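S.K.: Before anything else, here's the structure in question.
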There are 2 protein chains.
Amino acid sequence: MAEPRNILFIMFDQLRWDYLSCYGHPHLKTPHIDRLAAMGVRFDRAYIQSPLCGPSRMSTYTGRYVHSHGASWNNVPLKVGELTMGDHLRDLGMGCWLVGKTHMKADAEGMRRLGLEPDSVIGARVSECGFDIFERDDGMRPEGPDGYYDAGGALKYNEYLRVKGYEGENPWHDYANSGIDDAGNVLSGWFLNNSDQPANIREEDSETPYLTRRGMEFIAGATGPWCCHLSYIKPHWPYIVPEPYAAMYGPQDFLPRVATQAEQETDHPVFKGFQNAPVGRAFARDDTRDKVLRAYMGLIKQCDDQIGVLFDWLEKTGRMDDTMIVVTSDHGDFMGDHWMGEKTFFHDASVRVPLIIYDPSEQADATRGTVCDTLVECIDLLPTFVDVAGGDAGRLDHILEGRSLLPLLRGGDAPARDAVFCEYDYSATPLANKLGLHPKLARMFMVFDGRWKMIHFEGGFRPMLFDLDSDPGEVDDLGASDAHADIRTALYDRLFAWACRPGARTTISNAALMAARGKTARKGVLIGIVEEGDLEPELVAKYVGRKARDMRASTIKN
Amino acid sequence: MAEPRNILFIMFDQLRWDYLSCYGHPHLKTPHIDRLAAMGVRFDRAYIQSPLCGPSRMSTYTGRYVHSHGASWNNVPLKVGELTMGDHLRDLGMGCWLVGKTHMKADAEGMRRLGLEPDSVIGARVSECGFDIFERDDGMRPEGPDGYYDAGGALKYNEYLRVKGYEGENPWHDYANSGIDDAGNVLSGWFLNNSDQPANIREEDSETPYLTRRGMEFIAGATGPWCCHLSYIKPHWPYIVPEPYAAMYGPQDFLPRVATQAEQETDHPVFKGFQNAPVGRAFARDDTRDKVLRAYMGLIKQCDDQIGVLFDWLEKTGRMDDTMIVVTSDHGDFMGDHWMGEKTFFHDASVRVPLIIYDPSEQADATRGTVCDTLVECIDLLPTFVDVAGGDAGRLDHILEGRSLLPLLRGGDAPARDAVFCEYDYSATPLANKLGLHPKLARMFMVFDGRWKMIHFEGGFRPMLFDLDSDPGEVDDLGASDAHADIRTALYDRLFAWACRPGARTTISNAALMAARGKTARKGVLIGIVEEGDLEPELVAKYVGRKARDMRASTIKN
């Protein structure tokens, strides 16, 4: 097969790494995604850069750590000037399009300052995280007493639903994300008690099939090399799914809860704080967890079926032959493990994600169906795409903090990564208030070297530490263990080196810095030169043998 | 007196903190600068953020650490999107103008990407570090076999010199920065052996008086509140000065060299590397040091005399009554101390600078003539200016990493800074080659808490440590001392916390993050809510009591 001409970059939202059969789930069968794994490489130790939609995605889309790009929480704008996937790929002649979710918020103030109009081509791209928009759908149209969470959320999808006969001002909520009782009352998917209800929507009109079709529509009409970010909303909450998926899974299919009494009795204020948040308390209840798991697994099964539809179509249209396909997620979901819900902490349930890459090139034939256990990060995707688009990600290593996975896909050696890093900024959460933390201190960092996972907390809290070799469930916190002081010291050294990295030095390449060494003298800057004989004649030529008039006491006036 | 309406921000280049009489120099009398100290506050422990023109200035002009803005060496462009002094002050209705040097290099690639034309108003400001340009003069027109160091350097000044009768294509070099012998041969100021020669220029045509006049011309014509950055080129090299200054100082006036045999025998590869650079070797020679000191002290004396001219004029024109005046420098000069020349290391000779601020407000009357020994940094200036311009720097503390000095000027309490930080990136220097360092590793960091100064080196080198209480000359390196391991550990903790700071999170204020705590539910995002009764009715109102049609098995087609 030829070199990949296009990239289909599929992201699910909140899909745990271990809820696919190719990653070992014993009951949730995902044959279509598994098929991609059989055709490509399944990365078994892929980590995201922040356990929350917005910052994780901004890292994926910029190829940079959150500590570098700064968009550290949902709706913290990605600042003007940060280079995105679209910037890099378009420079290489590859279009970069969005179908689905980004959770990007534009830096309106920065745009105003630079005079960038949101409706100009450049302004629109800056507003949309570098993507050209086929359809943006963040899948979010919540409404509360202060209005809509996202004024532009799901507008197009709502319009689609209305055309299909779903009535009201917010069918996204009333149908796609709610059930219904016999009296016609909406059973909102926002209430976890309703998660075992079937969504009140025909399956083909629900969000995942809708976005699949939108993706195919884009691809069918696309010309030129393209990267399509097909970015699904699910299995992210609201946790509710239509039939037949709603009734597909029950307790016999669930993974057991990974949680211990010792965890519940932790003395760690931040860990305990997350357990005590409403979502932790809700998922600590078995009845709630069971209801949600039915929906969550059903949603994933639906995702897999839609992937099947998509892949069949790609084969039929020939795109499977010229398109690299990536399947991943922006983060996982605790689902009650460690007495937590959601994702905003650093256990594998949250920060480890599925990552499967299919490369149609014959150079990748040797790796098809293999599993790669190299530590990789979501910031590695953009360098990979740059290489696929014909660029050289290594030349961009002053901007891109990840590394191309192409060598791993093609059976070559890639420099092993010796640790992965993840961050979480909870400065806008109620927990920061409870702990009395200034926004600068309500932040935590993870370093994981493949065995030891340490969590550092700003704000004066002790670290947490897990040995994943002996404790793969991450339930035994060694953060205060005297016996592990040296381990922690070594991990702190790693984290310190990481924190000191020149992440902001993006306007000059490392190659240019190396090429500059010793070259200022060639432009006449002579430092520490006592007399002309100290340098070779060429370097002083402009400064010797010159004649001038004596102007020291000149009285020439103008 | 009224609140200051304007700011005159005077910066010298490479002026050591201790080469002014108000800072204790016993022989170099600088009565005019001293007079400003008597009228304002003299900060005795002011530190810059990087010991090199470009990065130090970019920190001053952005109010941010080098690790945050990324312009870590001369001619590393300041990236589009970094907010500058001009951005902040213009937002407050104060103009921000340049007369002199910035060492700014525009981010041409970033501007191209965002469609910013260099000749548009916004593009010009982005190109010039946020300043509107009255005159840009970096004072640099070196020429070597590869051409001019700065294609635009000193063009206007050269034109001025030509009009005044100084001939040739580069009178900046041949006259302003060279001497002449009896045969009419140019004695280039690039060669330190010529530093004791008088520059071949009438004193009033040399760079310092020229820029003083340009500053007065700007101020005379300025309307509206303004900040004028009068940014002198001197006493920066080429070290040469016209008469009468050239003959003004001799060995009896020199400070003794601060340097020990132990320093020369250091086992530290980076420290030794700087000593061994040509400039270190040159300044280790007493004859060279003596010649340069004559010029250096003469240049400073000339600077002080010009400050006298300027201040007299400001008084005459009334500007002394409505203008805050700041005098500082971008870094110092080793002048052979510690067997080094130039400035690219972290001893006080290099990183401690004079900083005098005169505030005409009567609120500052109580502090006139006082000395403030609080640790301050050059990034504190921009927050101070924001406050003077009527803003609130505290509200910008997600962008500005310094703190306003206004409370200190007005006798109030300011939160004490417990450490200052400085960085140096030598990744583009020959030393990085000699040490075999990748650009990411050729970097070093200083933390100084008022007593202990520690230098951390990337690349695997041991730290250096000085106790300035017992060793104010900083000649006794305790970086390998077992007895000081705890001190180093504590300083490493400080540096780690500093490196982890959210320097890139500039698009949302800390106040906004705090205000957001617990507010997403008010926009309808309900996380971990099991049933509607778990929340107050207002928060669930949009999700309850709704009616829908049963669409689960609907066969409505469109």
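The values are calculated or read from the model by the stated rules, or taken from the named source; none is laboratory data. Keep in mind it's a predicted model, so treat the numbers as computed, not measured. Heads up, the Cβs are rebuilt from the backbone with ideal geometry, glycines too, and the neighbour counts pull from every protein chain shown.
S.K.: Among the residues of region A:139-149, write down those that are in a loop (DSSP other than H, G, I, E, B) and either in contact with a helix residue (DSSP H, G or I) (Cβ under 8 Å, 6 or more places away or on another chain) or away from chain B (no Cβ under 12 Å) (or both).
M.R.: Result: A:139, A:141, A:142, A:145, A:146, A:149.
S.K.: Which residues, taken from region B:124-155, are among the basic types (Lys, Arg) and within 12 Å of residue B:170 (Cα to Cα)? Before you say what the answer is, go through the steps one by one.
M.R.: Looking only at region B:124-155, we keep the residues that are among the basic types (Lys, Arg), and these are B:125, B:136, B:141.
Once the filter is applied, which keeps residues that are among the basic types (Lys, Arg) and within 12 Å of residue B:170 (Cα to Cα), region B:124-155 yields only B:141.
S.K.: Does residue B:486 count as of a type in the set (Asp, Glu), more than 25 Å from the chain's Cα centre (by Cα), modelled with pLDDT of 95 or more and closer than 18 Å to residue B:67 by Cα?
M.R.: Working: of a type in the set (Asp, Glu): yes; more than 25 Å from the chain's Cα centre (by Cα): yes; modelled with pLDDT of 95 or more: yes; closer than 18 Å to residue B:67 by Cα: no.
So residue B:486 does not fit the description; no.
S.K.: Out of the residues in region B:152-169 meeting the condition of being modelled with pLDDT of 95 or more and assigned to a loop (DSSP other than H, G, I, E, B), tell me which one is nearest to residue B:209 (Cα to Cα).
M.R.: B:164
S.K.: Specify the residue that is surrounded by the most Cβ atoms within 10 Å (Cβ to Cβ); the eligible residues are those in region B:152-175 that are facing chain A (nearest Cβ under 10 Å) and of a type in the set (A, V, I, L, M).
M.R.: Filtering first and then ranking leaves B:161.
S.K.: Would you point out the residue of region B:1-29, among those that are modelled with pLDDT under 95 and among the aliphatic types (A, V, I, L, M), that is surrounded by the fewest Cβ atoms within 10 Å (Cβ to Cβ)?
M.R.: Per the stated criteria, the residue is B:2.
S.K.: Checking residue A:494 against (1) of a type outside the set (A, V, I, L, M, F, W, C); (2) within 30 Å of the chain's Cα centre (by Cα); (3) surrounded by fewer than 19 Cβ atoms within 10 Å (Cβ to Cβ); (4) not assigned by TED's automatic domain parsing to the domain that holds residue A:265, only one condition comes out false. Which one?
M.R.: So residue A:494 meets the others, but not (4).
S.K.: Shifting gears a bit: Would you confirm, using the coordinates I've provided, whether residue A:533 is touching a strand residue (DSSP E or B) at 6+ places or on another chain (Cβ under 6 Å) and outside the structural domain of residue A:450 (by TED's automatic domain parsing)?
M.R.: no
S.K.: Could you grab me the full set of residues in region B:101-137 that are within 12 Å of another protein chain (Cβ to nearest Cβ), under 18 Å from the mean Cα position of the chain (by Cα) and among the charged types (D, E, K, R)?
M.R.: Within region B:101-137, B:105 is the sole residue that qualifies.
S.K.: OK, next. Residue A:383 - would you say it is free of Cβ contacts under 8 Å to residues at least 24 places away in the same chain and not polar (S, T, N, Q)?
M.R.: no
S.K.: Here is a further query. Looking only at helices (runs of 4 or more DSSP H) that fall completely inside region B:15-84, which ones have 3 or more residues that are out of contact with any Ser or Thr (no Cβ under 7 Å at 6 or more places or on another chain)? Give the steps one after another, and end with the answer.
M.R.: On the way: elements: B:31-39, B:53-62, B:66-69.
In region B:15-84, the matching helices (runs of 4 or more DSSP H) lie at B:31-39, B:53-62.
S.K.: Further, regarding this structure: Which ones in region A:505-533 are more than 7 Å from chain B (Cβ to nearest Cβ) and closer than 23 Å to residue B:185 by Cα?
M.R.: A:533
S.K.: Identify all residues within region B:536-555 that are assigned to a loop (DSSP other than H, G, I, E, B) and touching a strand residue (DSSP E or B) at 6+ places or on another chain (Cβ under 9 Å); write none if there are none. Don't jump to the end; show me each part of the working.
M.R.: Restricting attention to region B:536-555, the residues satisfying the condition of being assigned to a loop (DSSP other than H, G, I, E, B) are B:536, B:544-546, B:548-555.
Residues satisfying the conditions are B:544, B:545, B:546, B:548, B:549, B:550, B:551, B:552.
S.K.: Let me ask something else about it. Could you give me the residue pairs with C-beta distances under 6 Å whose first residue belongs to region A:273-290 and is within 11 Å of chain B (Cβ to nearest Cβ) and closer than 12 Å to residue B:529 by Cβ, whose second residue is surrounded by 19 or more Cβ atoms within 10 Å (Cβ to Cβ) and among the charged types (D, E, K, R) wherever it lies, and which are 6+ apart or on separate chains?
M.R.: Pairs found: A:279/A:342; A:283/A:289.
S.K.: Report the residue count in region A:179-197 for those that are surrounded by 23 or more Cβ atoms within 10 Å (Cβ to Cβ), over 21 Å from residue A:103 (Cα atoms) and at the interface with chain B (Cβ under 7 Å from one of its Cβ atoms).
M.R.: 4
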